[in-house]
Amino acid sequence: LVYGAIRYGKGIHFLLEAVKKSNIKKKFKIIIAGKQDNPTKKIIDTYKKDSKFKDILITLNYFISIDLQDYLFRKTSVIWTGTTKNYYGSSGVFFLSAKYKKPVITSDHGLINLYTKKYKIGYRVEIDNINKIKKLLKNVLSGSKKIPNSYFKKVNQSHNSEIFSENIIRKLNLKFIRF
């Protein structure tokens, strides 16, 4: 599953190119769910025309409701949170993945990489190395490595709505005190 605001920075083109060049035998689907920006839509549409993607690429190019989000995350086995090398921020999709106890495939740089290293809830890959992505996809799809539920629990205890709200309030209070 690739989820959220579907933009170039999510590195979808690297994922799709790796799948195109792979010889993965196991049956799988790639679901791209979320509103696509125009440049990314053009990239995705190019791959959709390729016969290799005929039965594996599903796109939902619209805002995803909470009910559909819930369904997608429950039915998916791994979440793509890879980002191009010019993105270093956080990822709501990473934390949704932890909530649903789904492993991530992410880039080997930036804040998402640090979270993945710290919490060990997924796999890190050199985002622009197609051969490494191909190898990782084969390993992930083989299902040989299971991530313990305790790892996801640790993320969810550290990053939840209560802690997020407390941090906002604390920051707001500090700003008011400075005046």
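The values are calculated or read from the model by the stated rules, or taken from the named source; none is laboratory data. These numbers come from a predicted model, not from an experiment. Every residue, glycine as well, gets a Cβ built from its backbone with ideal geometry; the counts of neighbours run over all protein chains shown. These area figures cover heavy atoms from the full protein model, side chains too; ligands, DNA and RNA do not enter into them. Shrake-Rupley method; radii C 1.70, N 1.55, O 1.52, S 1.80 Å.
Data for the structure
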read-out	value
Spin-label pair Ile24/Asp45, simplified geometry with 7 Å Cα→Cβ offset, distance in nm	2.5 nm
Cut-off under 5 Å, modelled amide H: who pairs with Ile64 long-range	Lys35
Solvent exposure of the chain as accessible area per residue, Å², 1.4 Å probe	60 Å²
Whole-percent carbon and sulfur share, accessible surface of the chain, 1.4 Å	56 percent
Gain on full stretching of the segment that runs from Ser65 to Asn131 - 0.36 nm per residue minus C-alpha separation	20.3 nm
Length-normalised contact order of region 94-134 in % [C-alpha pairs under 8 Å, at least 6 apart]	35 percent
Top positive-direction residue, dipole computed over the chain with Cβ charges, set Ala33, Ile43, Val140	Val140
Check: region 34-179 dipole with +1 on Lys, Arg Cβ and -1 on Asp, Glu Cβ, in debye	420 debye
In sequence order, calculated HN-Hα J values of region 75-85 (Karplus, 6.51, -1.76, 1.60; Hz; x Gly/Pro)	8, 8, 9, 8, 10, 7, 10, x, 9, 5, 6
Separation in nanometres of the label points that stand 7 Å from Cα toward Cβ, at Asp37 and Lys54	3.3 nm
Relative contact order computed over region 1-159 (Cα-Cα under 8 Å; 6+ residues apart), in percent	24 percent
0 to 90° range, to nearest 10: angle between helix 12-21 axis and the chain longest Cα axis	30 degrees
Size-normalised alpha-carbon gyration radius of region 36-94, reference 2.2 N^0.38 Å	1.30
Debye, to nearest 20: dipole size of region 1-71, +1 on Lys, Arg Cβ, -1 on Asp, Glu Cβ	400 debye
For Rg and Dmax of the Cα atoms in Å, calculated from these coordinates, the label among (1) 17.1, 51; (2) 17.3, 63; (3) 19.0, 67	(2)
Charge context of Gly92, other residues only, Cβ under 13 angstrom, K/R +1, D/E -1	+2
Within the chain, percent of DSSP bridges classed antiparallel, to nearest 5	0 percent
Computed [θ] at 222 nm, helices only, for the chain once each DSSP H run of length n ≥ 4 contributes -39500 (n - 2.57)	-15500 deg cm²/dmol
